[in-house]
1. What translational diffusion coefficient, in µm²/s and rounded to a whole number, does the Stokes-Einstein relation yield for the range 143-223 at 10 °C and a viscosity of 1.306 mPa s, taking the hydrodynamic radius as the Kirkwood radius over Cα pairs?
2. To the nearest 10 degrees, how steeply does helix 17-31 sit against the main Cα axis of the chain, on a 0 to 90 scale?
3. Need the list of aspartates and glutamates near K19 for cross-linking: C-alpha distance under 14 angstrom, and skip anything on the same chain fewer than eight residues off.
4. Taking only the Cα atoms of the chain, how large is their convex hull per residue, in Å³?
5. Report, in debye and to the nearest 20, how large the dipole of the chain comes out about its Cα centre when Lys and Arg carry +1 and Asp and Glu carry -1 on their Cβ.
6. Taking the alpha-carbon distance from K72 and a cut-off under 24 Å, which lysines remain once sequence neighbours fewer than 8 residues away in the same chain are dropped?
7. Rounded to a whole number of µm²/s, how large is the Stokes-Einstein D of the range 90-162 at 10 °C and 1.306 mPa s, given Rh as the Kirkwood radius over C-alpha pairs?
Amino acid sequence: MPPRDYTVEARRRVPAAKKRIEPLIGRLAAEHSDAKIALHFSSDVELLVAVMLSAQTTDVNVNRVTERLFRKYRRPDDYLAVAPEELERDIFATGFYRQKARSIRGAMAALVEQHEGRVPRSVEDLVRLPGVGRKTANVVAAELGEAQGIVVDTHVRRLSQRLDLSREQDPVKIERDLMRLVPREQWRLFPHLLIWHGRRVCDARRPVCDRCVVSDLCPSSRE
Ligand code: SF4
């Protein structure tokens, strides 16, 4: 007799992902009605810079740095008007400051030279900016009201796998699976719901399944 496969058994206990996605979104939206981007910004350029700075650090840390940064740098030109070392000092606390300063200056130069100083709306144009990857482009496009994909960060990846919405490891493939499942009008909200659920309930090491509103829809539930 073949050995029992508990993962397969658990997946059989819940309906297919297509049937679960609507109640999953509904319940998570009710539970985390305050779910939204945690970065502070008051313009498209500030949004782009904040998202670029958020790589490998926390949103809280970025907000601490940008509170002063955005008083000093208001337009793309401002980032190009100072010496690279000055910008590096101003963003030092976010880590990887040399690489981030180089990327920000490159992106700001491209905005000035190719986009009349404005942040483009399409993911296709955004990923052409120096230092802007697909995740950053997706976050920026979604916040500007033009979600063209689904942001996959560490929380979205973990929860998509635990909830069996994707069996992939690669963020690009996970995003592709989610885009097939999640209605387009929810592409902006959906990652925020998983991110906030991941932070508050479905922790990487200690998921609190007995307090989880989607426990009966989750094949990884310990309940
Ligand atoms: S039931 Fe547990 S593993 Fe599943 S989403 Fe909720 S907290 Fe995470």
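1. Values: Rh = 12.9 Å.
Approximately 123 µm²/s, per Stokes-Einstein.
2. 60
3. D164, D216
4. Values: hull volume 29.3 nm³, N = 223.
Taking only Cα atoms, the chain has a hull volume of 131 Å³ per residue.
5. Details: 40 positive and 32 negative charges, 149 e Å.
Dipole magnitude for the chain comes out near 720 debye.
6. K100
7. On the way: Rh = 13.4 Å.
Approximately 119 µm²/s, per Stokes-Einstein.
Computed from the coordinates by the stated procedures, all read-outs in this text should not be read as laboratory data. These numbers come from a predicted model, not from an experiment. Glycine also receives a Cβ, built like all others from the backbone with ideal geometry; neighbour counts cover every protein chain displayed.
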